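Have a look at the structure below before the remarks.
Just so it is clear, none of the values below were taken in a lab; they were calculated from the coordinates. Keep in mind that this is a model prediction, so the values were computed, not measured. Don't worry about glycine lacking a Cβ; one is built from the backbone with ideal geometry, like all the others, and counts go over all protein chains shown.
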Amino acid sequence: MFKFIHAADIHLDSPLRGLSRYEGAPVDSIRGATREALTGLVQAAIEERVAFVVIAGDLFDGDWNDYNTGLFFAGQMSMLRENDIRVFYLEGNHDAASRITKTLKMPDNVHRFSHASPETITLQDIGVALHGQGFSRPDIRENLAVDYPQAKEGFYNIGVLHTGATGREGHELYAPCKIQDLTSKGYDYWALGHIHKREILFDRPLILYPGNIQGRHIRETGPKGCIVTTVGDDASTVIEEVSLDVVRWARVEIDATGLDTGEEVMLEVRSAIEKEVTNADGRLLAVRVIITGACGAHEDLNAEYGRWVNQIRVEATDIGGSEVWIEKVVFKTNLQVDLNKLTHSDGPVGDLLRFISQIETDPIQLTEVAETLSILKSKLPIELRHGEDSIDLESPERLREIIADAKQVLLPYLMAKSFNL
């Protein structure tokens, strides 16, 4: 019997650009999180007494800013060597051979798979054969798996591959392959990398992504870590998920349907954050709060946006102190009104809604709106011009969202004016 760790997508010292623009962001803690997670991986390997560690690509996040990144990794690998633990890794799209210009000699327990062709490493003492090929360049679009050799008879065979498989949302389709391409090799286990969410693609043989070891932004929520795999004398395989993340990202979505006041919404927000704090098990928690639904509280929330955002930050601090950071608050509530009925009503409100509906369905008018907004966009803060929160004026869907949001902001004011008239 032996154990090994399967990890991927460490993205050591990922720069996490743009963090400083977020109010109250624990910048130092988040930027150091990948190092702490790697330290946790090393400790888990030692405590579990694994025979070796497999890292299936994207160990680094592009070229190093300086040699400290390589020095830190080498230091951690030396700790594994002191405990007779070997390490096998290959490059992915982020740390392809052509991207890493700085090099350091690694401890002799670390082996990097060839990026020229599939390479097989045999561990005679425990009867393991590892097969892998790294990326020679970032944009590998060929199916690398087809050239991997057949299983080595009499060994427990592990395939190591950085791949988008058949495609996953939010990830480029690098080194694409089908499940059949992998199962046809006769291996016992496929250690994949590239997709940042844990996923088992196939049971027998086991083909899986461990996910990344540390979430880096709000699109990478939930527990992150590695897989500890135990192989029995009969080649039976048992896997265990081990969480390594030191910063946990979470999306808290509140359905405010039927709630009449901002205070009622705050009670729901507090309850949801408390639940996430419990699940985070003492980790620093970065939370995005999204409030949706048709509710009486809509006008209250939108009229005093700043007040309620800060109230949510107060609630979070009261619950978890400095260990909870509200990354962003998004209000996507609607008025408790029948928009269809209003649109077909007589009077200025109905006229305006019909005009807005016409814009939403007319490509020419949408283009004119985009041209007008592009002038305003150039004057916005950089975070609204670039990155995840940027306003994409080339997307008709995004333009319709902007118009719908504007409609919900304007309606209370227009309806009040209309009533007073």
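Go through HIS298, TRP308, ALA286 and say which Cα lies farthest out towards the positive end of the charge dipole of the stretch 286-325; charges sit on Cβ, +1 for Lys and Arg, -1 for Asp and Glu. The listed residue farthest towards the positive side: ALA286. The 3J(HN,Hα) values that the Karplus relation (6.51, -1.76, 1.60; θ = phi - 60°) gives for the stretch 180-189 are, in residue order, 4, 4, 7, 5, 5, 7, x, 6, 8, 7 Hz. Gly and Pro appear as x.
Loop-located GluC sites (Glu not before Pro) across the stretch 13-112 with a Cβ neighbour count of 14 or fewer within 10 Å are GLU23, with loop assigned by DSSP.
Computed about the Cα centre, the dipole magnitude for the stretch 246-336 is approximately 440 debye when only Lys and Arg (+1) and Asp and Glu (-1) carry charge, each at its Cβ.
In this structure, the amide hydrogen of LEU144, modeled 1.01 Å from its nitrogen in the peptide plane, lies closer than 5 angstrom to no residue at least 5 positions away or on a different chain. Placing +1 on the Cβ of every Lys and Arg and -1 on the Cβ of every Asp and Glu, with no other charges, gives the stretch 159-281 a dipole of roughly 580 debye about its Cα centre. With neighbour counts taken as other beta-carbon atoms within 10 Å, the residues LEU267, LEU59 rank, fewest first, as LEU267, LEU59. State the percent of C-alpha pairs, over all pairs in the stretch 1-120, separated by a distance greater than 27 angstrom. Beyond 27 Å sits 20 percent of the P(r) for the stretch 1-120. If R0 equals 41 Å, the separation of the Cβ atoms of ILE364 and SER184 corresponds to a calculated FRET efficiency of about 0.20.
How big is the gap, in Å, between the Cα center of the stretch 80-124 and the Cα center of the stretch 245-278? The stretch 80-124 and the stretch 245-278 have Cα centres separated by 43 Å.
The phi torsions of the stretch 302-319, fed into the Karplus equation with coefficients 6.51, -1.76 and 1.60 and a -60° offset, translate into couplings of 7, 5, 10, 3, x, 4, 6, 4, 5, 5, 5, 5, 5, 4, 5, 5, 5, 6 Hz, rounded to whole numbers, with Gly and Pro shown as x.
Is there a pair in LYS102/LYS178; LYS3/LYS328; LYS105/LYS224; LYS178/LYS328; LYS178/LYS275 whose C-alpha atoms are over 32 Å apart, and which pairs would that be?
Violating the 32 Å Cα-Cα cut-off are LYS102/LYS178; LYS3/LYS328; LYS178/LYS328; LYS178/LYS275.
The average projected area of the stretch 246-336, computed from the convex hull of its Cα atoms over all directions, is 4.9 nm². The mean sequence separation of alpha-carbon pairs under 8 Å and at least six residues apart, normalised by the residue count of the stretch 246-336, gives a relative contact order of 39 percent.
The ranking of ILE10, ILE100, ILE273 by Cβ neighbour count inside 10 Å, starting from the fewest, reads ILE100, ILE273, ILE10. Couplings 3J(HN,Hα) for the stretch 226-233, derived from phi with the Karplus relation 6.51 cos²θ - 1.76 cosθ + 1.60 (θ = phi - 60°), are 9, 10, 9, 10, 10, 10, x, 4 Hz, where x marks Gly and Pro. Modelled spin-label separation between GLU82 and THR292, with each label point placed 7 Å from Cα along the Cα-to-Cβ direction: 5.0 nm. Charging the Cβ of each Asp and Glu at -1 and of each Lys and Arg at +1, and nothing else, the dipole of the stretch 2-243 about its Cα centre rounds to 420 debye. Expressed to the nearest 5 percent, the antiparallel share of DSSP beta bridges inside the stretch 2-243 is 45 percent. Remark: VAL146, VAL110, VAL160 ranked as VAL146, VAL110, VAL160, counting other beta-carbon atoms within 10 Å and listing the fewest first.
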